[in-house]
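These notes concern the structure reproduced below.
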Amino acid sequence: MTNRTTSKVLNFARPFSMRGLAEVLPAGSYKVITEETQDEKLTYPTWQWVSTQIHLYTNSDRPESSRVLSVDPRDLEVAYLRDQKTMDARPQVAFSARKSNNRAKRVF
């Protein structure tokens, strides 16, 4: 079987929590590693999820103080999307092109 590992960094603007995690994690950048295995029984390549891990760095001066947690990728995605949604929750303002109405209008 062929395995692959992908790595990405998720940036959280606000403290966040995930289902199954008892603590609230602080805002910051988190390295996420996903492992998958290729199903070679099929005629076309497909990848099956094996595990997702998030790296928690508690002290940047001491790398040995970091922790790695196995998480459900769906719970991580929900937390990330929730964080992104709160960042984009500011009302957007659009200006009317008509001269008679120069006040800003909120776009919802």
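Every read-out reported here was derived from the displayed coordinates using simple, explicitly stated rules and does not represent laboratory data. This structure is a prediction, so every number in the text was calculated from the model and none was measured. Because the Cβ atoms are built from the backbone with ideal geometry, glycine has one as well, and the counts that use them run over all protein chains shown.
Observations, loosely collected:
- Summing Lys and Arg as +1 and Asp and Glu as -1 over all other residues whose Cβ lies under 12 Å from the Cβ of T6 gives a net charge of +1.
- Ranked packing of 22-35, 40-53, 70-83, most packed first, by mean Cβ within 10 Å: 70-83, 22-35, 40-53
- Between W49 and E77, the contour length at 0.36 nm per residue exceeds the Cα-Cα span by 8.6 nm.
- Net lengthening on full extension, S17/E35 (0.36 nm per residue, minus Cα-Cα): 4.2 nm
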